[in-house]
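Notes to accompany the following structure.
The values are calculated or read from the model by the stated rules, or taken from the named source; none is laboratory data. Please read all numbers here as calculations on a predicted model, not as lab measurements. Ideal geometry is used to build each Cβ from the backbone, glycine not excepted, and the neighbour counts take in all protein chains shown.
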Amino acid sequence: MKCDTFILLCFMFIVLSHAQDIEVQKAQLCIINQTFTGTCGNNGNKVCIDAVKGRKRYGTPNQCGCEDAESLIFCRCQVNRVHCKR
């Protein structure tokens, strides 16, 4: 019985530690909004990631959304917090 309780406690500790790691990673991200010339095309996420990486100011974004606006694209991306304004 003691062994079962110990195993259960270890499992719960591992699960809770993993959840905290995920929360910390999310907290280290911020949202940036950028505009670029061009169109989103079929894969707007990749277009925005490449465009933001090309500016070399924000590093590589984790995820982006792309919206066409006439001859411009509007990119909303998650980047590492160290690249964000405070």
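Residues that are surrounded by fewer than 15 Cβ atoms within 10 Å (Cβ to Cβ) and among the aliphatic types (A, V, I, L, M) within segment 53-86 comprise 69, 72, 82, listed in sequence order.
Among the residues in segment 29-49, are any hydrophobic (A, V, I, L, M, F, W, C), assigned to a helix (DSSP H, G or I) and at pLDDT below 70? Within segment 29-49 (the criterion being hydrophobic (A, V, I, L, M, F, W, C), assigned to a helix (DSSP H, G or I) and at pLDDT below 70), the answer is no, since none of the residues qualifies. Scanning segment 1-28 for residues that are touching a helix residue (DSSP H, G or I) at 6+ places or on another chain (Cβ under 9 Å) and either modelled with pLDDT of 85 or more or among the small types (Gly, Ala, Ser) (or both) yields a single hit, 27.
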